[in-house]
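Reviewing the structure listed below.
The values are calculated or read from the model by the stated rules, or taken from the named source; none is laboratory data. Remember, predicted model here, so these are calculated numbers, not experimental data. Backbone-built Cβ (ideal geometry, glycine too); neighbour counts: all protein chains shown.
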Amino acid sequence: MPSPATPPKDRAMRPAARTLVLLGGGHSHVAVIRAFAINPPAGTTIIVIGRDAKTPYSGMLPGLIAGHYTNAEAHIDIAVLCRFAGIRFIHDEATGLDLACQRVLCRTGAPVPYDCLSIDIGASPALRASGIGIKPIAPFLAHWEALCARALATPERLHIGVVGAGAGGVELVLALQFRLEGLLRAAGRPHDAPRFSLFGQAATILPGFAEPARRRLERILHRRSIGVFTGQPIGTAADGVLQRADGMRFALDDVIWATGGAPAPWLARSGLAQTGLALDPKGFIAVHDTLQSTSHPAVFAAGDIASVIGRPSPKSGVYAVRQGKPLAANLRRALSGQALVPFQPQRHALALIGTGDRRAIAVKGSWSAEGRWVWLWKDQIDRRFMSRYTNLPDHARADHPR
Ligand SMILES: Cc1cc2nc3c(=O)[nH]c(=O)nc-3n(C[C@H](O)[C@H](O)[C@H](O)COP(=O)(O)OP(=O)(O)OC[C@H]3O[C@@H](n4cnc5c(N)ncnc54)[C@H](O)[C@@H]3O)c2cc1C
């Protein structure tokens with residue numbers, strides 16, 4: 001492997017250069033790790049850098065919040081998966097890219113050199129002065145447990161706001177409400193269950209979804225007495241007071257941000273200060289339909305952090321999962337000097353939106369359906385997906401590398 005000081009200019013992908021760094025253990029990368037465990041690319045050292053040793057599976061996240069799944073059921077253990085694959089896992093957080101010298105800069109450890117880099121680090125709601133973002137998940141889950149304890153401890157009825165009325169925000173508010181109502185009912189205080197309000201900037205909830213699906217969820221939110229305030233952006237948020245752009249104010253005991261994800265700020269810094277990683281206008285990594293960076297042939301990206309130029313996909317776990325297979329195939333091709341192959345994402349993916357109460361809504365294009373059977377279907381799909389990453393041989397669970 002060339003040293004980090006090797007002149008950068010002609011160090012783009014060469015067949016002889018073989019350190020592949022997978023940055024982030026997102027939905028696309030777990031598929032790559034699994035594919036390379038079964039059939040490793042010849043002569044390649046693979047390193048995974050992950051901020052979290054256990055990565056949440058998005059499909060089960062609302063079920064985890066609602067109390068239907070345990071942490072272990074809803075998380076993929078990246079460290080164990082890497083051990084299974086014979087891949088080195090570095091538990092660290094990337095804080096920058098040195099694109100000129102082809103190195104990933106980390107918060108605690110030494111820079112990690114690469115010959116080929118793939119980035120799947122997701123996106124998080126932009127931080128605001130008040131409240132907490134749904135991502136990163138680990139601090140959110142700790143906050144959620146504390147909020148449950150607070151709702152039980154206080155004699156008052158809390159008012160909780162969720163900002164972001166896309167599929168994630170709607171699913172989240174329904175899951176939060178289900179869990180807290182259950183806890184207070186069990187404590188003999190059903191009338192003290194918190195109030196919930198959902199805020200969205202677009203004119204309706206679920207912008208981008210067909211009318212029938214939207215109406216189904218509007219009915220459910222109404223039936224469950226969740227206040228819906230759409231059509232205005234949030235202007236300011238401080239000390240528990242949300243103020244919309246039209247001046248309407250809401251005093252809230254807790255605010256959870258489930259707005260569309262923003263890219264990590266260091267990505268823009270890496271781009272500008274170094275050799276200019278191409279980003280789309282929102283700051284996501286611009287890639288071709290091969291998932292290769294439009295500016296740096298040695299860099300690939302997938303999942304929420306990637307923006308396929310000319311073929312944008314919704315930022316969702318389903319699309320991130322779908323990119324795993326073509327990403328693995330193109331990384332393999334890039335490492336062996338072969339031409340990359342474009343992939344065509346599905347135009348309409350099936351969305352299964354849980355309503356917290358072990359029921360769900362299925363949406364595909366203009367078709368939709370709802371009921372307990374949809375939840376059972378979703379649960380089966382999610383558990384089957386997770387079993388690919390959890391049913392690993394015993395040696396992967398042993399506390400030493402293979
Ligand atoms: C409440 C809610 C419910 C949702 N429900 C669904 C659903 O039912 N179906 C669906 O398809 N989508 C759902 N989504 C959307 C889904 O969560 C995301 O689209 C999906 O997680 C994106 O996957 P990803 O691989 O891009 O990144 P992520 O899943 O976010 O994974 C990113 C990984 O990178 C790691 N990482 C991040 N930064 C760094 C760093 N600097 N250095 C090293 N590692 C890093 C993280 O630890 C994590 O392991 C939901 C979202 C929310 C908020």
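List of remarks:
- Filter result for Ala167 (within 16 Å of the ligand (Cβ to nearest atom) and either touching a strand residue (DSSP E or B) at 6+ places or on another chain (Cβ under 9 Å) or assigned by TED's automatic domain parsing to the domain that holds Pro314 (or both)): yes
- Residue within region 143-153 that is touching a residue at least 60 places away in the same chain (Cβ under 8 Å), farther than 30 Å from Ala53 by Cβ and away from the ligand (no atom under 16 Å from the Cβ) present: no
- The residues of region 107-126 that are within 9 Å of the ligand (Cβ to nearest atom) and loosely packed, with under 15 Cβ neighbours inside 10 Å amount to a single one, Arg107.
- Any pair with Cβ under 6 angstrom, 6 or more apart, that starts in region 251-276 at a residue that is at pLDDT below 90 and ends at one that is assigned to a helix (DSSP H, G or I): Gly261/Asp304
- In region 331-368, residue farthest from the ligand (Cβ to nearest atom) [restricted to those that are farther than 22 Å from Ile119 by Cβ and among the hydroxyl-bearing types (Ser, Thr, Tyr)]: Ser366
- Every listed requirement among (1) outside the structural domain of Ala334 (by TED's automatic domain parsing); (2) within 14 Å of the ligand (Cβ to nearest atom) is met by Leu97 save one, (1).
- Check on Ala245, in contact (Cβ under 8 Å) with a residue 60 or more places away in the chain and aliphatic (A, V, I, L, M): no
- Of the residues making up region 127-142, those that are of a type in the set (A, V, I, L, M), away from the ligand (no atom under 11 Å from the Cβ) and under 17 Å from the mean Cα position of the chain (by Cα) number 3.
- Under the condition of being in contact (Cβ under 8 Å) with a residue 40 or more places away in the chain and surrounded by 15 or more Cβ atoms within 10 Å (Cβ to Cβ), the residues counted in region 359-372 number 4.
- Within region 84-101, considering residues that are within 24 Å of Arg333 (Cβ to Cβ) and part of a strand (DSSP E or B), the one modelled with the lowest pLDDT: Leu97
- Candidates in region 55-88 are the residues that are surrounded by fewer than 18 Cβ atoms within 10 Å (Cβ to Cβ) and under 30 Å from Gln177 (Cβ atoms); of these, the one that is farthest from the ligand (Cβ to nearest atom) is Thr70.
- If you go through region 25-69 and keep only what is out of contact with any Pro (no Cβ under 8 Å at 6 or more places or on another chain), of a type in the set (Val, Ile, Thr) and either in contact (Cβ under 8 Å) with a residue 60 or more places away in the chain or farther than 18 Å from Arg388 by Cβ (or both), you end up with Val30, Val32, Thr44, Thr45, Ile47, Ile49, Ile65.
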